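Structure first, commentary second.
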Amino acid sequence: MNEEVTTEEITNEVVIREEAALAFADSREKLLAVLENDHFNMEALSDLEIFELFWATELFPIYSQKSPHTKRAYKQDLDYILRFFVTKTQGVKQLTILSLHEYLKDVHDQYAPRTVKRRNAMLRRFLRFLHVNDYHERDLSLQVKDQMKPEPLRREIDFDEMEAIALAFRHTVKQKKHRELLQLRNETMGYLLLTTGMRASELLALQFSHIHETPSINYIEFKGKREKWRRIPLSQKSIHLIHRLKKLMQIEEVINPHICFNIRSTLDTPISYEALRLISQVASTQYTLQNNSPHWFRRSFITKLLANGMPLYEVMNLSGHESISTTNTYLQQIRNTNLNELPYK
């Protein structure tokens with residue numbers, strides 16, 4: 001991917017940040033005034049400020065400890081609700097039951113059942129917040145009900161295709177500076193997605209210090225979703241790629257603790273999820289018309305473990321699922337195919 005940033009883009013970003021900072025400073029004074037009272041008085045707040053208040057006090061209070069994955073999902077759901085209120089209603093205060101039914105239809109028509117359920121749950125939570133704090137007389141959350149919608153048929157996973165896509169990660173680099181290093185970084189990211197079943201957020205947070213090598217086994221150990229410690233075995237090829245990457249970073253004097261390092265940043269940060277998604281998308285277009293997200297590698301890995309006969313409980317622990325019922329849903333991916341004993345050497 002092209003990682004160069006133009007002067008114009010940097011200038012625009014600075015202007016946007018400055019404008020956002022000024023808007024937030026004005027908004028923050030109003031929010032602090034609201035929070036000083038024993039009971040919220042939201043009448044003087046704009047719709048955007050009400051959403052900010054909901055975010056700060058209901059979703060992410062100061063004592064809250066939620067994963068980046070959860071924060072991203074919450075933000076996407078709340079952004080969708082805010083956009084709907086701004087474009088298709090008269091505002092939060094004048095919200096009607098008819099508007100809510102229009103929202104339910106829009107969500108139902110656009111998204112898969114799991115996303116529909118999650119976004120409806122967020123809307124219910126927001127409406128209940130408004131009612132509890134006397135902004136709405138009626139509890140409109142009672143009007144938000146999940147419509148029945150059949151689960152879409154899941155397409156079959158082609159394991160050879162997934163391996164080819166992972167190897168194609170290195171060919172997505174366009175820039176010339178540090179080209180070899182970025183190609184090796186991308187190849188390592190693709191192979192780790194393929195052979196570990198990590199979530200995208202876990203891969204992005206992965207550091208060289210999380211790699212452990214012993215005479216009997218090589219593995220990574222890290223805190224995953226819900227602060228749960230996980231240990232995942234690494235293949236010999238994964239270790240080889242990581243060693244090469246670390247050595248080339250030293251040669252080119254790139255200092256960053258993350259395997260998915262951001263070459264443009266001076267803050268020792270990894271690349272963003274959006275950058276990883278675009279790399280996966282570009283690599284996928286070389287082999288398929290399907291748009292494979294980074295999560296598709298996790299789905300492929302878990303499905304292949306189950307197809308090879310690994311017990312459900314062991315797969316649950318290895319993948320970091322909270323419930324065995326989540327792992328069980330992957331069984332529907334399995335067909336009677338000739339698979340290797342282990343997922344990827």
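The values are calculated or read from the model by the stated rules, or taken from the named source; none is laboratory data. Here the structure is a predicted model, which is why all the values come from computation and not from measurement. For accessibility, only protein heavy atoms count, side chains too; no ligands or nucleic acids. Shrake-Rupley method; radii C 1.70, N 1.55, O 1.52, S 1.80 Å.
Structure notes:
- 3J(HN,Hα) along segment 173-184, derived from phi through the Karplus expression 6.51 cos²θ - 1.76 cosθ + 1.60 where θ = phi - 60°, amounts to 6, 10, 6, 8, 5, 6, 4, 4, 5, 5, 5, 5 Hz, with x in place of Gly and Pro.
- Pairs over the 31 Å Cα-Cα cut-off, from the set LYS223/LYS247; LYS88/LYS228; LYS75/LYS247; LYS88/LYS145; LYS177/LYS225; LYS176/LYS247: LYS88/LYS228; LYS75/LYS247; LYS177/LYS225.
- Exposure ranking of HIS131, HIS295 by accessible area [1.4 Å probe, largest first]: HIS295, HIS131
- Segment 93-206: translational diffusion in µm²/s, Stokes-Einstein, Kirkwood Rh over Cα pairs, 20 °C, 1.002 mPa s: 117
- Chain lengthening between GLU253 and THR96 when straightened (0.36 nm per residue, less Cα-Cα): 50.6 nm
- Using 0.36 nm per residue and subtracting the Cα-Cα separation, the extra length available between ARG244 and SER216 on full extension is 8.0 nm.
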